[in-house]
């Protein structure tokens, strides 16, 4: 892994875009009651089959993280909570980057490290989905 710290700047790169998207998502989660405004809001797969999809709980995660209810967000979707918190961190870093020209460290992974990421990510996704399914369909197994 190679980490470089660029000179102070206010450039808009990939990380900054993620920060802006995270900021937008958290602001929507905080101030817009999406599930109440949109009448057809819900998971079509879950409505028709009773089984949750991979994204089930993400709206609740955004709402709960935006309201600082981290345990509630974790209960809805653990991986979604981790991602929402990383988006929040990116949002804070992006704001600091633009206000004070703070450099954002650039991380470059080697091929071996990327291989581990490509193996670990689907496994983490699978474990998270298993949790969401058990939590939704078989809650008695978690108590």
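Readers should treat all values here as calculations from the given coordinates under stated rules, not as data from a laboratory. Since the model is a prediction, treat every value here as computed from it, not as a measurement. Here the Cβ positions follow ideal geometry from the backbone for every residue, glycine too, while neighbour counts run over all protein chains shown.
Could you work out the helix-only [θ] at 222 nm for the chain, with each DSSP H run of four or more residues adding -39,500 (n - 2.57) and the total divided by the number of residues, to the nearest 500 deg cm²/dmol? Kindly include the intermediate steps, with their values, before the conclusion.
Details: 7 runs with 94 residues, N = 143.
Result for the chain, helices only: -21000 deg cm²/dmol.
Can you give the extra length, in nm with one decimal, that the chain gains between residue 101 and residue 89 once fully stretched, where that is 0.36 nm per residue apart less the Cα-Cα distance? Don't jump to the answer; show the numbers that get you there.
Details: separation 12, 0.36 × 12 = 4.32 nm, distance 1.66 nm.
In short, 2.7 nm is gained.
With a point put 7 Å past each Cα toward its Cβ, work out how far residue 140 is from residue 68 in nm, to one decimal.
Here the answer is 3.9 nm between the modelled labels.
Need one word for segment 1-78: rounded, prolate or oblate. Basis is the Cα gyration tensor (sqrt eigenvalues a ≥ b ≥ c); a/c below 1.5 gives rounded, then a/b vs b/c decides.
Prolate, since a/c reaches 1.5 and a/b exceeds b/c.
Sort 58-64, 43-49 for me by packing, meaning the mean count of neighbouring Cβ atoms within 10 Å per residue, highest on top. Numbers along the way, then the final one.
Working: 58-64: 22.9, 43-49: 11.4.
Sorting 58-64, 43-49 by mean packing, highest first, produces 58-64, 43-49.
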